[in-house]
Amino acid sequence: MSMQPENEHNMIHRDLLNACRKGDSKAQMKIYGLYYKPMYHVSLRILGDSMEAEDVMQEAFLVAFKNIGSIDLNVSFGGWLKRIVVNRSLDTLRKRKNTVELMADIPEDISTEVSDQAEEGTTEEKIEKIRRALEKLPEKYRIILSLSLFEGYDHDEIGQILGVTPSTSRAQLSRGKQKLLQVMAG
């Protein structure tokens, strides 16, 4: 029976994680190389500041390598690391602003319909336009949009991360989309 490439990759990945558990610095550097960019971008989307995102990402790897013995290797290391990065990023925001305020009284039925008109330009240009518009949003909208649209968290998870109800998360996401569209149109 031949092994599928995915299984080989998973076994190599698991071997690297086991080596990290033993303090193997070469294995840690390989894992770091695999996850550095995506984790940096997770933090950057939340914080909007490259220096802070770099610091958070470095701290997250230190925490992950220190606690790697407590993770079940059958669980996604990337998902676990991303959760650390998200939490550290939010902690940094709280320190910066003292608190992340999310308004609970926004109606849930806000319309966020997107125009069906096709924009000209490449996909990369569209993504860059969205990224620039996202950076211009107030922090509370940038966070909720990043967690939902880019990181794939559902409203229950976002509520747990931010300490709000799922309905508040939905309302903030709706309002954030509306603001994003306004920024992109302007």
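The values are calculated or read from the model by the stated rules, or taken from the named source; none is laboratory data. Nothing here was measured: the structure is a model prediction, and the numbers come from that model. Glycine gets a Cβ as well: all are built from the backbone with ideal geometry, and neighbour counts include every protein chain shown.
Only residues in the range 26-48 that are in the same structural domain as residue 15 (by TED's automatic domain parsing) and among the hydrophobic types (A, V, I, L, M, F, W, C) count as the first member; pair them with residues that are at pLDDT below 90 and not in a helix (DSSP H, G or I), Cβ under 8 angstrom, at least 6 apart or cross-chain, and list the lot.
Here the result reads 42/151, each pair linking the range 26-48 to a residue that is at pLDDT below 90 and not in a helix (DSSP H, G or I).
Of all the residues that make up the range 134-186, how many are in contact with a helix residue (DSSP H, G or I) (Cβ under 7 Å, 6 or more places away or on another chain), small (Gly, Ala, Ser) and in contact (Cβ under 8 Å) with a residue 24 or more places away in the chain?
Number satisfying all stated conditions: 4.
Output the residues belonging to the range 57-86 that are β-branched (Val, Ile, Thr) and in a helix (DSSP H, G or I). Steps first, answer last, please.
Keep residues of the range 57-86 that are β-branched (Val, Ile, Thr), which gives 63, 68, 71, 75, 84-86.
The answer is 63, 68, 84, 85, 86.
Is it true that some residue in the range 58-81 is at pLDDT 85 or above, at positive phi and within 14 Å of the chain's Cα centre (by Cα)? I'd like the intermediate steps shown before the answer.
First pass over the range 58-81, keeping only residues at pLDDT 85 or above: 58-70, 77-81.
Right, trim to at positive phi and you get none.
No, there is no match, as no residue in the range 58-81 is at pLDDT 85 or above, at positive phi and within 14 Å of the chain's Cα centre (by Cα).
For the range 45-56, how many residues meet the condition of being under 16 Å from residue 144 (Cβ atoms), assigned to a helix (DSSP H, G or I) and more than 8 Å from the chain's Cα centre (by Cα)?
Start the filter on the range 45-56 by keeping residues that are under 16 Å from residue 144 (Cβ atoms), which leaves 45-48.
Of the ones still in play, those that are also assigned to a helix (DSSP H, G or I) are 45-47.
Within this subset, residues satisfying the condition of being more than 8 Å from the chain's Cα centre (by Cα) are 47.
The total comes to 1.
Can you name the residue in the range 49-87 that is among the polar types (S, T, N, Q) and without any contact (Cβ under 8 Å) to a residue 24 or more places away in the chain and, of all such residues, is farthest from residue 25 (Cα to Cα)?
Of all residues in the range 49-87, those among the polar types (S, T, N, Q) come to 50, 58, 67, 70, 74, 76, 87.
Of the ones still in play, those that are also without any contact (Cβ under 8 Å) to a residue 24 or more places away in the chain are 50, 58, 67, 70, 74, 76.
On the way: 50: 26, 58: 15, 67: 15, 70: 18, 74: 22, 76: 21 Å.
So, considering only residues that are among the polar types (S, T, N, Q) and without any contact (Cβ under 8 Å) to a residue 24 or more places away in the chain, the one farthest from residue 25 (Cα to Cα) is 50.
Anything in the range 130-165 that is of a type in the set (S, T, N, Q) and buried (at least 17 other Cβ atoms within 10 Å of the Cβ)? List them, or say none.
Step one: filter the range 130-165 for residues of a type in the set (S, T, N, Q), giving 146, 148, 160, 165.
Across the range 130-165, the qualifying residues are 146, 148.
Which condition number in (1) outside any helix (DSSP H, G or I); (2) of a type outside the set (Lys, Arg); (3) over 24 Å from residue 80 (Cα atoms) is the one that residue 164 fails?
Condition (3) is where residue 164 drops out.
Would you mind stating whether residue 109 is loosely packed, with under 11 Cβ neighbours inside 10 Å, over 23 Å from residue 168 (Cα atoms) and at pLDDT below 85?
No, not satisfied.
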